[in-house]
1. Could you list, in sequence order, all residues of the stretch 118-131 that are more than 23 Å from Glu152 (Cα to Cα) and exposed (fewer than 14 other Cβ atoms within 10 Å of the Cβ)?
2. For the condition surrounded by 16 or more Cβ atoms within 10 Å (Cβ to Cβ) and under 17 Å from the mean Cα position of the chain (by Cα), what is the one hit in Leu134, Leu149?
3. Looking only at the stretch 1-24, count every residue that is over 15 Å from Ile85 (Cβ atoms) and either modelled with pLDDT of 95 or more or not in a loop (DSSP other than H, G, I, E, B) (or both) and tell me the total.
4. Of all residues in the stretch 69-117 being among the hydroxyl-bearing types (Ser, Thr, Tyr) and more than 20 Å from Ser22 (Cα to Cα), which is surrounded by the most Cβ atoms within 10 Å (Cβ to Cβ)?
5. Which of (1) surrounded by fewer than 18 Cβ atoms within 10 Å (Cβ to Cβ); (2) in a helix (DSSP H, G or I) is the odd one out, the single condition Asn55 does not satisfy?
6. Which of the numbered conditions does Ser68 fail, given that it passes all the others? Conditions: (1) modelled with pLDDT of 95 or more; (2) closer than 24 Å to Ala129 by Cα.
7. Among the residues of the stretch 95-131, write down those that are touching a residue at least 12 places away in the same chain (Cβ under 8 Å) and either part of a loop (DSSP other than H, G, I, E, B) or of a type in the set (A, V, I, L, M) (or both).
Amino acid sequence: MPHAKSRMTRKHLIAAAVYNYSYQNYEDHLGIGNQRFERLMPESATVLAQAVQENWPRAKAAAALDTSEESAEILLGNYRRAMTIIDAENPAESFRTAIRLVVQDAVADGLSSEADIERLVIQICYRAADLAYLLKMRGESLARYSRHLRKEPDVEYYEGYFDEDHD
């Protein structure tokens, strides 16, 4: 199946995740001369990658990013989280990781009201939209990852279980 044409590169996907944009929203800002999306955020993603890889002190990262140390710390954390999503073994695992993170955030923030639940639902829907975007980029269907999405902890699966395209 052919891949869908996309202006998004790996660096754009990382920038979208670091700065909390959905992939489609980020792509919508490309190709129209928007320097923030086309140049600045991807450049920041490159700096963040180097800072993490070389274990820079927070002050050095802040200086390179031209931001406060507190903001640099947040961006570094966002980058680390983004990489667990971007570097997942496949789109289904990327989705599972993203969902896990938003649920953990909601619980840490004190998920306790209907409004809190609605914000969580919205974040889950954004992650579903990101999954759809990744699948479209790859020219794949959701059904291909049905088994990955239903994977349960502490359940033994036979070798090759996740290699099949569908049930």
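The values are calculated or read from the model by the stated rules, or taken from the named source; none is laboratory data. Since this is a predicted model, take the numbers as computed values, not measurements. No Cβ is skipped: glycine too gets one built from the backbone with ideal geometry, and neighbour counts run over all protein chains shown.
1. Glu118, Ile122
2. Working: Leu149 fails: surrounded by 16 or more Cβ atoms within 10 Å (Cβ to Cβ).
Only one candidate passes the filter, namely Leu134.
3. Applying the first criterion (over 15 Å from Ile85 (Cβ atoms)) to the stretch 1-24 yields 1-7, 9, 24.
Remaining after also requiring either modelled with pLDDT of 95 or more or not in a loop (DSSP other than H, G, I, E, B) (or both): 24.
So the count comes out to 1.
4. Ser71
5. Single failed check for Asn55: (2).
6. Only one criterion is unmet by Ser68, namely (2).
7. Ala98, Ile99, Leu101, Val102, Val103, Ala106, Leu120, Ile124, Ala128, Ala129, Leu131
Rundown of residues vs (1) in a loop (DSSP other than H, G, I, E, B); (2) in contact with a strand residue (DSSP E or B) (Cβ under 8 Å, 6 or more places away or on another chain); (3) closer than 28 Å to Arg150 by Cβ; (4) without any contact (Cβ under 8 Å) to a residue 60 or more places away in the chain, yes/no style:
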residue	(1), (2), (3), (4)
Tyr26	no, no, no, yes
Glu73	no, no, no, yes
Ala82	no, no, yes, no
Glu93	no, no, yes, yes
